[in-house]
Structures are given as structure tokens and as C-alpha cells.
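The values are calculated or read from the model by the stated rules, or taken from the named source; none is laboratory data. Just so you know, these numbers come straight off a predicted model, no measurement behind them. Here Cβ is always computed from backbone atoms with ideal geometry, including for glycine, and neighbour counts include all displayed protein chains. These accessible areas exclude ligands, DNA and RNA; they are computed on the full protein's heavy atoms, side chains included. Shrake-Rupley method; radii C 1.70, N 1.55, O 1.52, S 1.80 Å.
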Amino acid sequence: MTRQLSKRYLILAAVCVLALLGLVYYYFFTSFTGRSATQYVYVDKDDNYDSLVAKLRPVSKAHCFQAFRILARHSNLIHHVRTGRYALKPSMGAFTVFRHLKNGMQDPVNLVVPSVRTMPDMAGALSKKLMMDSTELVRALTDESVCRKYGYDTTTIAAMFIPNTYDIYWDASIDKLLSRMKKECDKFWNSEERQAKAEKLHLDPIQVSTLASIVDEESANNAEKPMIAGMYYNRLMLRDAKYPQGMPLQADPTIKFALKDFAAKRIYHAMLFVKSPYNTYTNPGLPPGPIRVPSIAGIDAVLNMVHHNYLYMCAKPDFSGTHDFAVTYTEHMANAKRYAAALNQRGIK
């Protein structure tokens, strides 16, 4: 009889343990969200425990949400939340979600660095993807002391950004962001092949990037960019009695940059006299820095330019986005006349 009672107690105890384990598993280890796709919770510097809970409640199952709160009450999470972008994967239970939030185990974002014209444009684009104030980022990118820290100045800082996609934490500071961009830029230029090509052209990376920015502004046709790069390089390197310092680049996009009139569809004669170091009609050589963040295609177009004898180019009158190239000014003026007639015919001013 005693043996039978002991056996019953053992069975009952085992059932209770299994039931307890089942409850623990159900509350703490079953899917927190119950959804098939990963959900993300963004915790910014203004969040506290209450606002974090408010963000979790809509994306969590009721029993898992309660389990999370039990865990949080017995930890420092209730007093201190860590900023970041946290993934709530379908396989994650309340315990795992709690552990990630408590320890700041966030997931990075895929940050796309765009090819934009100005640093305010860059700050606006990046701040949309990061926990970063665009005004503070603009202030940093237009501060000489900040730019010098990374080896640039306010006219050349655009060359530090290599348009690509990078994994970076959503709550990265401005210093961490810029340090990462500097690291990626160095990695890009530390390629022996790129270094050798730039040296062969007698250009440094910033000069290559500056020329590439003009090429990018001249055409969206990547196939034609090496031809355009070769044309501007010929002007840059030309030395004769008329151009002892090199032929002016006479690049229309630099006039738009100087005037900050990026919507201009035509460049008129009066515009060519704007007083600016970016005016490549009145100043020989390259402008002080890139007139936009150059694309990788633009940079590689300069490094792999087509070597030819052309000194002039003009947009084709068919508005295909490509150009007619010329060796002589007479040929160029004939091309320009045809293009001007096409503009007038379409009423483009």
C-alpha cells in the first residue's frame, strides 16, 4: 500500500513538473509575436520602460507580453532601456526578446549611402535611416575641425562617402558613422589596382572623386562615362601657349553647383561669369572638391577612362542622354548649334 502511494505521488509530482515546464515554455519560449515575418522595435533616446512596453504590446501575444513584463520587473530594464533597432523574429520567445533588449543586442540596418549633391541632402537621407538628427549631422559635415579629423575639409568631405550599402547600428553616433565612412573609403581606395590607376593619371583619390562628380553630373549613362572622363582629362592635362595652366574644364554642372541652381536646364552666357571657385569657365583646373558624392561607376569611369583626342562634347539633339564629341572648336560649335536648335524647338529655357 505504501509502495503504491509513493508511486502515485511520484506520478503526480512528475505530472506537476511537466505541467510547470509546459507553462514556462508556453509563457517564456513560444513565439513572442506569433507572426511569420520579423517585426522591428525601435528604441530611441527619448524612450523609457513605459514607452518601450507601449511599443511591444501591439506586436506581442498577450501571455508572452505578460511574461516579458515579469522578467523586466526583476531586472534593470525597468530603470534603463538601451537604444537600438531590435528584431522580433518568429522563433524568439519572451525570454529571448527580454535578453536582447536588456543587453542591447540590436540588429543593424542596411544603410544605403546615396550619391547626392550636397551635404544637407546627405544628412537628410541618412537621418531617415538612423537615430540621428539631420541638423546635427549637417553641422558636423560643415565644420572644418570635424572634417579635418577624418582627413578632409568642408569642400572635400563628399569624397569620403562611397555610395554603397553598409550594415550599421541604427543608434550609431555621428562620430561612429563618420568613422565608419572613413574606414570604408580607405578600404575602397586601398585597392592596389585603384591606387595604381590613379597614380598613372597623376591624380590623388580626392581629385579622382572630384572629376568623377563632374562626369556623374554630365551623364547618367555609365557606358559613356569613360569617354566623358577622357575628354575632361584631356582638358586638364593640356598645356600649350594658350593654356599654360591647362585648358579650363568649362563644365556646365560646376556652374549649376556654383549658383546652387540644380534645376537649370540651360546654361546661358551670363551664368558663366559667376564669381565662385567652382566656376570652371573662369578658373583653370579642378574645382575645390566634388560637386556631388561621386558614384562608384563615376570613379571607375575616371580610373578606366577612354584615352582619345577629343576636347569638346555637346549633348545630342535627340535628347538620348549621350553626347557628340569633337576634336576642334569648329566641330563643337556645329554640334552646339544643332543642340540649341533642338532646345528651342522644344521650348526649353
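For the stretch 107-159, please list each of the helices (runs of 4 or more DSSP H) lying entirely inside it that holds at least 1 residues being β-branched (Val, Ile, Thr) and under 16 Å from Arg180 (Cα atoms). Break it down into steps so the answer makes sense when it comes.
Values: elements: 119-127, 134-141, 144-149.
Passing ranges, in order: 144-149.
Which condition does Val306 not pass, out of (1) in contact with a helix residue (DSSP H, G or I) (Cβ under 7 Å, 6 or more places away or on another chain); (2) closer than 22 Å to Leu343 by Cα; (3) of a type in the set (A, V, I, L, M); (4) open to solvent by 40 Å² or more (accessible area, probe 1.4 Å), if it passes all the others?
It fails just one condition, (2).
Test Asp143 against the criterion of being of a type in the set (D, E, K, R) and over 20 Å from Ser115 (Cβ atoms), and give yes or no.
Values: of a type in the set (D, E, K, R): yes; over 20 Å from Ser115 (Cβ atoms): yes.
Yes, satisfied.
Say whether the condition of being of a type in the set (S, T, N, Q), under 15 Å from the mean Cα position of the chain (by Cα) and modelled with pLDDT of 95 or more is met by at least one residue in the stretch 195-208. Step through it out loud before you land on a result.
Initial filter on the stretch 195-208 (of a type in the set (S, T, N, Q)): 195, 207.
Adding the requirement that they be under 15 Å from the mean Cα position of the chain (by Cα) leaves none.
Checked the stretch 195-208: no residue is of a type in the set (S, T, N, Q), under 15 Å from the mean Cα position of the chain (by Cα) and modelled with pLDDT of 95 or more.
Any chance you could count how many residues in the stretch 31-52 are open to solvent by 60 Å² or more (accessible area, probe 1.4 Å) and either among the hydrophobic types (A, V, I, L, M, F, W, C) or assigned to a loop (DSSP other than H, G, I, E, B) (or both)?
Taking the stretch 31-52 and keeping what is open to solvent by 60 Å² or more (accessible area, probe 1.4 Å), we get 35-36, 40, 42, 45-46, 48, 50.
Add one more test, that the residue is either among the hydrophobic types (A, V, I, L, M, F, W, C) or assigned to a loop (DSSP other than H, G, I, E, B) (or both), and what stays is 35-36, 45-46, 48.
Total satisfying the criteria: 5.
Which ones in the stretch 173-191 are modelled with pLDDT under 95 and open to solvent by 40 Å² or more (accessible area, probe 1.4 Å)? Steps first, answer last, please.
Step one: list which residues in the stretch 173-191 are modelled with pLDDT under 95, which gives 190-191.
Residue satisfying the conditions is Asn190 alone.
Considering only residues that are basic (Lys, Arg) and surrounded by fewer than 16 Cβ atoms within 10 Å (Cβ to Cβ), which ones fall in the stretch 192-209? Walk me through how you get there before you give the answer.
The first filter runs over the stretch 192-209 and keeps only residues basic (Lys, Arg), leaving 194, 197, 200.
Within the stretch 192-209, Lys200 is the sole residue that qualifies.
Just the residues that are closer than 19 Å to Pro248 by Cα, in a loop (DSSP other than H, G, I, E, B) and not hydrophobic (A, V, I, L, M, F, W, C), please, taken from the stretch 292-349.
His307, His308, Asn309, Tyr310, Thr328
Which residues, counting only those in the stretch 53-96, are aliphatic (A, V, I, L, M), open to solvent by less than 30 Å² (accessible area, probe 1.4 Å) and in a helix (DSSP H, G or I)?
Val53, Leu56, Val59, Ala67, Ala72, Leu77, Ala94
All but one of (1) open to solvent by 20 Å² or more (accessible area, probe 1.4 Å); (2) within 31 Å of the chain's Cα centre (by Cα) hold for Phe28; which doesn't?
(2)
Which one of the conditions (1) in contact with a strand residue (DSSP E or B) (Cβ under 9 Å, 6 or more places away or on another chain); (2) at pLDDT below 95; (3) within 20 Å of Met247 (Cα to Cα); (4) not small (Gly, Ala, Ser) does His269 fail to meet, given that it meets all the rest?
(1)
If I ask for residues that are touching a residue at least 60 places away in the same chain (Cβ under 8 Å) and open to solvent by less than 70 Å² (accessible area, probe 1.4 Å), which ones from the stretch 315-349 would you list? Working first, answer last.
Filtering the stretch 315-349 for residues touching a residue at least 60 places away in the same chain (Cβ under 8 Å) gives 321-323, 325, 343, 348-349.
Of everything in the stretch 315-349, those that are touching a residue at least 60 places away in the same chain (Cβ under 8 Å) and open to solvent by less than 70 Å² (accessible area, probe 1.4 Å) turn out to be Gly321, Thr322, His323, Phe325, Leu343, Ile348.
Of everything in the stretch 59-73, what is more than 35 Å from the chain's Cα centre (by Cα) and closer than 30 Å to Ser173 by Cα? Give them in sequence order.
Initial filter on the stretch 59-73 (more than 35 Å from the chain's Cα centre (by Cα)): 61-73.
Within the stretch 59-73, Phe68, Arg69, Leu71, Ala72, Arg73 qualify.
In this structure, is Asp240 closer than 22 Å to Tyr166 by Cβ and either crowded, with 19+ Cβ neighbours inside 10 Å or without any contact (Cβ under 8 Å) to a residue 24 or more places away in the chain (or both)? Full working, then the answer.
Working: closer than 22 Å to Tyr166 by Cβ: no; either crowded, with 19+ Cβ neighbours inside 10 Å or without any contact (Cβ under 8 Å) to a residue 24 or more places away in the chain (or both): yes.
Considered against the rule, which asks whether it is closer than 22 Å to Tyr166 by Cβ and either crowded, with 19+ Cβ neighbours inside 10 Å or without any contact (Cβ under 8 Å) to a residue 24 or more places away in the chain (or both), Asp240 comes out as no.
Evaluate the following for Val116: is it within 11 Å of the chain's Cα centre (by Cα), surrounded by fewer than 20 Cβ atoms within 10 Å (Cβ to Cβ) and of a type in the set (A, V, I, L, M, F, W, C)? Show your work before the answer.
Working: within 11 Å of the chain's Cα centre (by Cα): yes; surrounded by fewer than 20 Cβ atoms within 10 Å (Cβ to Cβ): yes; of a type in the set (A, V, I, L, M, F, W, C): yes.
Criteria met by Val116.
Need a quick list: helices (runs of 4 or more DSSP H) entirely within the stretch 163-259 having at least 2 residues that are under 30 Å from Asp107 (Cα atoms).
Output list reads 174-189.
Give Ile168, Ile162, Ile214, Ile255 a once-over and let me know the one that is open to solvent by less than 50 Å² (accessible area, probe 1.4 Å) and touching an Asp or Glu at 6+ places or on another chain (Cβ under 6 Å).
Result of the check over Ile168, Ile162, Ile214, Ile255: Ile162.
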